[in-house]
Each structure stands twice: as C-alpha cells, then as structure tokens.
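Undergrad: A single structure is presented below for examination.
Bear in mind that the values in this text are calculations on the coordinates, not laboratory data. The structure displayed is predicted, hence computed values, not measured ones.
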Amino acid sequence: MGRVRGKSWMHEHVADVYVKRARAEGLRSRAAYKLAQIASRDRLLQPGMTVVDLGAAPGGWSQIAAGRVAPRGRVIALDLLEMPRLPGVTFIQGDFRDEATIAELERALDGRKVDLVLSDMAPNLSGIASVDQARALELAGLALDFALKHLKPQGNFVVKLFHGEGYEAYVKRLRACFREVAVRKPDASRSRSSEVFLLGRGLKAHAARPAAANC
Ligand SMILES: C[S@@+](CC[C@H](N)C(=O)[O-])C[C@H]1O[C@@H](n2cnc3c(N)ncnc32)[C@H](O)[C@@H]1O
C-alpha cells in the first residue's frame with residue numbers, strides 16, 4: 001500500500017515542478033512563478049507601468065514584470081549581485097542598504113513615480129534565526145520606506161517576509177500605509193519555507209507624504 005501523502009508533500013512537489021518549468025520556459029529562476037502567480041491573482045502588472053524590482057538577481061521577477069508591462073513600461077531592477085541584461089529592464093548593482101545605491105536608483109527613475117515596488121530581497125543566512133529575521137526585517141523596512149517615497153498615490157507594494165519576531169509589527173505598519181493588506185503564499189513557494197509575500201494595495205494619500213511618521 002502506498003504512503004498517504006499530506007498537503008505539505010503535495011505543496012513541495014508542485015513547487016519542484018517549477019524548477020523544470022523555469023528551465024523549459026527560459027525563465028531565470030523558479031521564483032519567477034511566485035511573482036507570476038501573485039500578479040495574476042491580484043492583477044498587479046499592466047502594460048505601461050513603471051516597476052521597481054529590489055533583490056532582482058538572477059532576474060526571474062524582472063522577466064515576468066518586463067513581459068507584462070511591455071512595450072511602453074519599464075522595470076528598474078537592483079541587486080547586490082550581477083545580473084545579465086534583460087530587455088525592458090534597467091539594472092543597478094549595489095547594496096540597497098547604502099544611500100549611494102538608493103540615489104542611483106532614484107537617478108534611474110528620473111522623477112517618474114512608480115506603479116509597483118517589488119522586494120524579493122533576502123539576506124545571506126547566518127543560521128541564527130534571530131539574526132536572520134532582523135536582517136530580513138531591515139531589508140523589508142527599507143523597501144517600504146522606498147515605496148512610500150516613490151509610489152504613485154494608490155500604488156502597490158509586494159514584499160517578501162518571514163514569519164517570526166517583528167512580523168506582526170511590520171504588517172501593522174503596512175496596514176497604516178495601504179488601503180488593503182493581504183498575505184500571499186503562492187504554489188511556487190515551498191511549503192517548508194516560512195517566507196510569505198505581503199501585498200500592500202492602494203497607497204493611502206497621507207502615507208505618501210514625506211513626513212508620514214505613522215507608517
Ligand atoms: C531570492 S533572491 C531574488 C530572486 C529574484 N526575485 C528572481 O526572481 O530571480 C534574493 C536576492 O536578494 C538580494 N539581496 C540581498 N540583500 C540585498 C541588499 N542588501 N541589496 C540588494 N540586494 C540584496 C540577493 O543578492 C539575492 O539575489
């Protein structure tokens with residue numbers, strides 16, 4: 001008699017299918033499907049949009065975003081690591097924690113407001129849960145600060161975060177800034193990973209003001 005396989009086995013199996021699919025479809029990472037699934041469900045990507053993709057390498061999310069905002073849209077992507085060129089994507093290499101990198105990103109935007117800020121940034125893991133969570137929260141916090149400054153009114157934000165200390169406080173901050181906040185765990189995200197994707201939909205008018213200390 002075969003083993004009874006649980007929901008988590010099924011979720012993992014489905015997630016691994018994405019590795020093969022990414023290769024077959026010429027996508028740079030299986031992560032591409034995470035964004036593809038979130039964006040389809042929530043209708044986040046439309047032709048003509050300006051999108052910022054933080055933690056972009058090797059480029060799966062940028063590929064999905066550039067394909068959906070084409071032909072007139074633009075993706076500005078950033079990562080610590082190098083990323084080979086992609087059509088429709090302007091790439092900046094640098095550490096998002098450095099002011100000089102953010103300034104370069106702002107130059108690339110050239111005054112344009114952004115429709116969607118994405119962050120799939122994840123720190124290198126130290127193996128010490130509290131340290132890794134603090135680093136992930138720092139990156140997510142900086143991504144949110146950037147989104148508040150550069151999103152159009154009603155703009156949207158997607159950020160990867162991990163369950164753990166500080167998670168609830170982060171969600172509370174998102175709720176203060178966006179009209180709607182949702183938690184997404186797409187099929188393509190491995191069930192054993194504690195990662196989730198938080199979606200902030202519809203930047204509130206007061207949150208877009210530079211001195212919005214309450215969010
Ligand atoms: C999960 S990967 C992103 C995968 C990507 N979304 C894709 O679809 O191919 C996380 C990325 O975050 C980047 N990252 C981590 N810390 C960063 C930082 N401080 N500044 C910029 N990028 C960072 C890493 O270099 C890594 O490439």
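Undergrad: For the chain, what is the mean residue ellipticity at 222 nm derived from helices alone (per DSSP H run of n ≥ 4: -39500 (n - 2.57); sum divided by total residues; nearest 500 deg cm²/dmol)?
TA: That calculation yields -12500 deg cm²/dmol at 222 nm.
Undergrad: Moving on. How high is the relative contact order of region 18-102, in percent, counting Cα pairs under 8 Å that sit 6 or more residues apart?
TA: 23
Undergrad: Turning to a different aspect of this structure: Rounded, prolate or oblate, given the Cα gyration tensor of region 7-208, with a/c below 1.5 counting as rounded?
TA: It is rounded, given that a/c, with a ≥ b ≥ c, falls under 1.5.
Undergrad: Hey, which lysines would be in cross-link range of Lys34, C-alpha to C-alpha under 18 Å, not counting anything within fewer than 8 residues on its own chain?
TA: Cross-link targets: Lys20, Lys160, Lys185.
Undergrad: Compute the relative contact order of the chain as a whole-number percentage, counting only Cα pairs closer than 8 Å that sit 6 or more residues apart in sequence.
TA: Once normalised by length, the contact order is 19 percent.
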